[in-house]
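Trainee: Attaching a single structure in structure tokens format; questions to follow.
Read-outs: derived from the displayed coordinates by stated rules, not from any lab. Since we're looking at a predicted model, the values are computed, not measured. Virtual Cβ from ideal backbone geometry, glycine too; neighbours counted across all protein chains shown.
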Ligand code: G3H
Ligand code: 13P
Ligand code: ZN
């Protein structure tokens with residue numbers, strides 16, 4: 001058993017308390033490889049933002065679970081060295097399991113040094129979700145690891161459930177769920193979804209430049225939840241904005257992305273000023289990395305050293321994360 005405390009990581013408790021008081025959201029950025037983790041740490045140290053490094057079960061398999069533990073520790077050491085070199089403050093870093101689907105996976109992550117886990121029981125019946133989430137909480141809290149649960153189902157990329165009321169979180173369930181499970185934060189469904197195609201074009205209006213403007217998030221549900229569980233940290237998954245510039249670069253350089261629509265930044269800013277304390281972003285990083293690499297290959301087809309194309313990809317990520325912290329989530333200068 002490796003305690004996250006020995007790796008220099010923190011759980012999300014204090015981060016969320018400060019985010020709730022300060023009316024901002026902590027970024028939760030997914031990573032699978034070295035360039036992504038370097039970019040996240042560089043951007044968050046430079047903007048002086050707390051950060052949650054997020055690993056999905058797919059990412060854990062891809063990156064190798066043993067190496068990941070040391071990547072979490074390496075992130076902390078890199079952060080300390082960068083902060084000292086630049087005369088900046090050290091930032092809190094949590095290492096979080098994203099969309100854990102079994103008790104065993106959560107245990108395995110906790111044993112290898114994760115400071116926070118999500119148990120996503122949202123696809124089970126309500127009672128099964130409560131039972132599974134409580135089991136994870138009871139285990140995790142012995143080690144001071146924080147737990148995120150989920151109520152309501154987020155659409156997948158291909159599922160057309162965004163507009164269906166039944167998938168939104170039911171505010172009347174949240175008090176019972178939070179009390180019976182003991183979770184530290186709650187992911188809710190108010191109209192976001194995973195991936196780069198969050199809305200169908202026919203659900204959107206278009207501005208003069210032809211950019212799709214999706215329907216607003218269901219803030220009335222968030223506000224009702226806030227009345228039911230005042231001061232409780234809320235998590236928003238599926239919060240990429242799918243920037244038109246990144247999609248354009250991809251498509252101008254051989255890509256074939258169609259009808260890509262994300263969550264407008266002003267919607268995320270509003271959510272972060274309410275009870276949303278954690279905002280999950282993965283797809284935007286994938287898009288900017290792909291845009292930079294495609295452009296590089298197009299501009300310099302003779303290059304074959306991975307550093308030549310992964311370097312610009314890392315730079316694109318740094319710019320994006322800084323922008324999110326400073327101008328969307330409000331987490332910059334909060335350490
Ligand atoms: O919410 C899902 C994340 O974007 C992770 O995706 O399972 O493909 O790593 P993944
Ligand atoms: P996006 O696909 O919108 O980036 O969402 C990521 C996410 O919710 C990870 O859990
Ligand atoms: Zn998610």
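Trainee: If you take the square roots of the eigenvalues of the alpha-carbon gyration tensor of region 1-159 and sort them as a ≥ b ≥ c, do you get rounded (a/c under 1.5), prolate (a/b over b/c) or oblate?
Mentor: prolate
Trainee: Further question: Using per-residue counts of other Cβ atoms within 10 Å, averaged over each peptide, order 310-321, 49-60, 250-261 from highest down. Each step should come with its number before you reach the end.
Mentor: Working: 310-321: 19.9, 49-60: 22.2, 250-261: 14.9.
In descending order of packing, they fall as 49-60, 310-321, 250-261.
Trainee: By average Cβ neighbour count within 10 Å, what is the ranking of 32-40, 136-144 from highest down?
Mentor: Details: 32-40: 20.2, 136-144: 17.3.
Result, highest mean first: 32-40, 136-144.
Trainee: Can you bin region 17-90 into rounded, prolate or oblate? Criterion: square roots of the alpha carbon gyration tensor eigenvalues sorted a ≥ b ≥ c, rounded for a/c under 1.5, prolate for a/b above b/c, oblate for the rest.
Mentor: Values: a/c = 2.47, a/b = 1.33, b/c = 1.86.
In terms of gyration-tensor shape, oblate.
Trainee: For residue 89 and residue 219 in one chain, what is 0.36 nm times their gap in residues minus the Cα-Cα distance, to one decimal in nm?
Mentor: On the way: separation 130, 0.36 × 130 = 46.80 nm, distance 3.48 nm.
This chain segment gains 43.3 nm when fully extended.
Trainee: Also, quick follow-up: Just the ratio, please: alpha-carbon radius of gyration of region 189-297 over 2.2 N^0.38 Å, N its number of residues.
Mentor: Working: Rg = 15.4 Å, N = 109, 2.2 N^0.38 = 13.1 Å.
Against the compact-globule rule of thumb, the ratio is 1.18.
Trainee: Nearest 500 deg cm²/dmol is fine: what mean residue ellipticity at 222 nm does the chain get from its DSSP H runs of n ≥ 4 alone, each adding -39,500 (n - 2.57), divided by its residue count?
Mentor: Values: 12 runs with 151 residues, N = 335.
My calculation for the chain gives -14000 deg cm²/dmol from helical runs alone.
Trainee: Follow-up. What would the Debye equation give as log₁₀ I(q)/I(0) for region 202-264 at q = 0.24, 0.27 Å⁻¹, counting only Cα atoms as equal point scatterers?
Mentor: Debye curve over Cα of region 202-264, log10 I(q)/I(0) at q = 0.24, 0.27 Å⁻¹: -1.06, -1.20.
Trainee: For a footprinting-style exposure proxy, rank 46, 209, 14, 150 by other Cβ within 10 Å, fewest first. Write down the numbers at each step before the final one.
Mentor: Values: 46 19, 209 6, 14 13, 150 25.
Lowest count first: 209, 14, 46, 150.
Trainee: How large is log10 I(q)/I(0) at q = 0.10, 0.11, 0.18 Å⁻¹ when the Debye formula is applied to the Cα atoms of region 77-221, each weighted equally and without solvent?
Mentor: Each listed q maps to, in turn, -0.48, -0.56, -1.00.
Trainee: Rg to Rh for the chain: what is it, with Cα atoms only and Rh by Kirkwood? Walk me through the intermediate numbers first.
Mentor: Working: Rg = 19.2 Å, Rh = 20.1 Å.
Here the Rg-to-Rh quotient is 0.95.
Trainee: Order of 106, 204, 44 from fewest to most other C-beta atoms within 10 Å? Could the numbers behind the result be given before it?
Mentor: Values: 106 25, 204 16, 44 31.
Result, fewest neighbours first: 204, 106, 44.
Trainee: When DSSP assigns beta bridges and you keep just the ones with both residues in the chain, what percent turn out antiparallel, to the nearest 5?
Mentor: 5 percent
Trainee: Would you please give the FRET efficiency between residue 6 and residue 102, computed as 1/(1 + (r/R0)^6) with r the Cβ-Cβ distance and R0 = 41 Å, to the nearest 0.05?
Mentor: Values: r = 25 Å, r/R0 = 0.61.
Approximately 0.95, to the nearest 0.05.
Trainee: Here is a further query. Can you give the FRET efficiency to the nearest 0.05 for residue 307 and residue 67, using r as the Cβ-Cβ distance and R₀ = 25 Å?
Mentor: With R0 = 25 Å, the Cβ-Cβ based efficiency is 0.80.
Trainee: Using 1/(1 + (r/R0)^6) with R0 = 22 angstrom and r between the beta carbons of residue 208 and residue 248, what's the FRET efficiency to the nearest 0.05?
Mentor: Numbers: r = 16 Å, r/R0 = 0.74.
Efficiency for this residue pair is about 0.85.
Trainee: Additional query: First check a/c for region 254-335, with a ≥ b ≥ c the square roots of the eigenvalues of its C-alpha gyration tensor; if it is under 1.5, answer rounded, and if not, answer prolate when a/b is larger than b/c or oblate otherwise. Walk me through the intermediate numbers first.
Mentor: Details: a/c = 3.87, a/b = 1.91, b/c = 2.03.
Judged from the Cα gyration tensor, region 254-335 comes out oblate (a/c at least 1.5, b/c at or above a/b).
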